[in-house]
1. Name every residue in region B:1-51 that is touching a Ser or Thr at 6+ places or on another chain (Cβ under 9 Å) and either of a type in the set (D, E, K, R) or modelled with pLDDT under 85 (or both), in order of residue number.
2. Go through B:Gly537, B:Gly544, B:Gly631 for me and flag whichever is surrounded by fewer than 17 Cβ atoms within 10 Å (Cβ to Cβ), at pLDDT below 95 and within 28 Å of B:Asp450 (Cα to Cα).
3. If a residue must be of a type in the set (A, V, I, L, M, F, W, C) and more than 34 Å from the chain's Cα centre (by Cα), how many such residues does region B:355-379 contain?
4. I'd like the residue in region B:93-116 that is not hydrophobic (A, V, I, L, M, F, W, C) and not in a helix (DSSP H, G or I) and, out of all such residues, is farthest from the other protein chains (Cβ to nearest Cβ).
5. State yes or no: is B:Tyr185 modelled with pLDDT of 75 or more, part of a helix (DSSP H, G or I), within 12 Å of chain A (Cβ to nearest Cβ) and within 29 Å of B:Glu415 (Cα to Cα)?
6. In region B:591-601, what count of residues is obtained for those that are surrounded by fewer than 16 Cβ atoms within 10 Å (Cβ to Cβ) and touching a strand residue (DSSP E or B) at 6+ places or on another chain (Cβ under 7 Å)?
7. Of all residues in region B:242-266, which are touching an Asp or Glu at 6+ places or on another chain (Cβ under 8 Å), under 20 Å from B:Tyr53 (Cα atoms) and of a type outside the set (Phe, Trp, Tyr)?
8. Of all residues being more than 17 Å from B:Val209 (Cα to Cα) and within 17 Å of the chain's Cα centre (by Cα) in region B:258-290, which is modelled with the highest pLDDT? Just the residue, please.
Amino acid sequence: MLNKKLMAVAVAGLFSTGAMAAGENNIGCGWGSKVFDGQRGIAPQVLGATTNGTSGNQTFAITSGTSGCTQDGVVKSNWKTAMFIDGNKEKLARDMSTGSGESLESLAKLIGVEDQHKAAFFQTTKDNFAHIFSTDNSSTDQVLASLKQVLASDSELAQYSQSI
Amino acid sequence: MPGRWILQFIFLWSPLAGFAADNAYLEELIQRARQANLSQRAEWLNLLHYKPYPYWPGSRSLADDPEFFNAPHGKTDAAGELEATLAVFFSTAEETDKTQNPQCRFIARYRWLKQELQFDPARLPKQPCRRFYQWRASLDPHEITLVFPAAYLNNPASMYGHTLLRIDARDQDEHTRLLAYSISYAAGTDETSGLIFAVRGLFGGYPGVFAITPYYLKVREYSDIENRDVWEYQLTLTPEEIDRLLMHVWELGPTHFDYYFFDENCAYHLLSLLEVARPGLQLTDQFRWWAIPSDTVRAVTDQPGLLKRVVYRPASVSIMRQRLMQMPVDQSRLAKDLAQQRIDANDDRLRELPALDHARVLELGYEYASYEAATGRNKAPDAVTRMRELLLARSQLKIPPQKPGVPVPSVRPDEGHKTSRIGIGAGSRDGRRFGEIHLRPTYHDLLDQDAGYTRGAQIQFFDMRWRHYRGEDGLRLEEFKPLDIVSLSPRNDFFNPISWKINVGWTRKHFPGGDEPLVFRFNGGSGLAYSAPGLFGGNAVYYGFIEAALDAGSRFESNYTLGAGPAIGLLANVSERWGFNLQARSLRYGLGDDHWSRELALEQRYALTRQSAVRLRLSRKQEFQDYWNSGDLSVHFYF
């Protein structure tokens, strides 16, 4: 299941380049981290100062039909978790290290963790921080895979590993 | 677009057998629409984005995209557009991944006309519009929030702000808002040169489009990368109003508008969405000339019953500042050493700390490292390794999170002074009495009240002063500055920004012999600012600049003169109402006409109310060989 999804990420990535070349204002999955590579340094700060500019790849056009991992601008449901992790990796790492935070709450919500399991979810991700973020630059698929593993090996949380 | 019109004509009238019968019904609908004068109703004009011309009578749609209209002159002919729209509703075209039936493409218009004209479903069958309903279902809209990222450190231009709408889903709460979607209007461009962006933006050089983005990406952009506090204004729109808004957003879809930085900007167009949502709201009328995002937020919060509650989301830097205020200096130094890789996460000095403090230092160390990486200051190749080490060390401490609560500022951005200002005053210069009028269309200067604004940041557009000297005829223009920006950003152990200023315009220059022609001046500089914790309860900043000025005018021997020199000053709030700026400047003009220009000035402001203040200005000035003293007292109103 997971491998299939990662395969699809790669394929969507290829497609997105094609779509861009065709002049479409829509990018496939895997765009999140790339977008912000270009966001550092002085130039984007100046651009940011003018407040209203955006490069097309940070946003999705509404009613542009189906492409990549979105449909008419909203993320398709089977992509939501991967996209969220992709767009929030640093904050998730920070939240997991303390066992709390908005990004972690949102992740729990996305994979459907019920209220009575939330404390365990937070504690488990904190305890397994080293495993979930196993390298300095963990990729989205690494994080997804190891998070799935961590949940699967916890009797209380195993049920949620299915929804990743 | 004659080609398109012909195609539409063929498509509508020739091939479909069913049309002959429906033709009569279309005629009937058109007659009823005319009788009810639907095309002049505010709801219809709002859906078409019709606005009056600022300079002459009449109105036109702001949409600059022919696809948005069904009639060839839909941009200027609201009645023709209504009738053409009714006609296309009879299309039986099926929806595909890329195209839609006109009933779905223009779903807000369809909904409104259907309600007004009571379409007979037998004679004008309703299309399913699966894509729209799927889209709405995945948004699961429950509430609408107006989001305002406020100004950020050392970037006065950001005071101009930005706004977006957030669609809050039914099952979200304050902890999971990141999962919402936001709708924003922005200039579509990949331009990275701020200057080119600004210039083209001023003159409508970019297409503006609405777009939808996961809110977490917006939060990352504003709170984490640009370090702007974000204000979230939850609105009281009803389900029916939200439905109207979403249908209209759908209908706008990829429609483009020419983007204008000052008036037709993000904030302006979002207001028009709210006007569609709740008919009767008059928001855009107030912004015929320019729309400053914070003013548009004020327009929304001023509407009775539209605001539900406000949530403050502090930026990463605001959280770090709060930590620094609560932490002993030796610990904050450790955090900085950690972030800058002078000590490692297993250092004895860390382990000797009480566990709670240990956790706090690790958390701050990580945040600072992350801040330095995000702002491009940390270029060490192993910075990422260090950041992960800090998180790993933190995850091994059995301590709950130590994130400090940042107090909500007591005055919100929409509650500060209004941004236009008029002043009248009188004074004396070397014994000559004068009266003065001052007009500043927008926005904020160093001495205006700080409440709701960023301290030490000034941005003014088209600032003008006229003066009348006793015994002389008429008013004369004393000064006109199209652009005037100052950024005073105090430095400390953790943050070390460069302060800067830039202004351009026309001013009076005092030549030998006493006459004072207007000269053009371009002045800029950079410097350092520090807060003075011991002065006025910590509400004081002292600063030093190195400045340069280019003056140009026919009175100069070679039509220009170029000068440079230092400036120092102290900007302080004595109390909430009373503030002053004491400044000394000395410029040596070496190229062109060789001369000195020196100034010692004390300017004070006493706020009478949030929207009015008195100012007293005293100065001693030198230009060429002449010295003079002047003083004036003026009263300012904000509107």
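1. Of everything in region B:1-51, those that are touching a Ser or Thr at 6+ places or on another chain (Cβ under 9 Å) and either of a type in the set (D, E, K, R) or modelled with pLDDT under 85 (or both) turn out to be B:Phe11, B:Leu12, B:Leu16, B:Gly18, B:Lys51.
2. B:Gly537
3. The qualifying residues number 5.
4. The extreme case among them is B:Glu94.
5. No.
6. 5
7. B:His256, B:Asp258, B:Glu264
8. B:Leu283
The values are calculated or read from the model by the stated rules, or taken from the named source; none is laboratory data. What you see is a predicted model; the values in this text were computed from it and never measured. With ideal geometry, Cβ positions are generated from the backbone for all residues, glycine too; neighbour counts draw on all protein chains shown.
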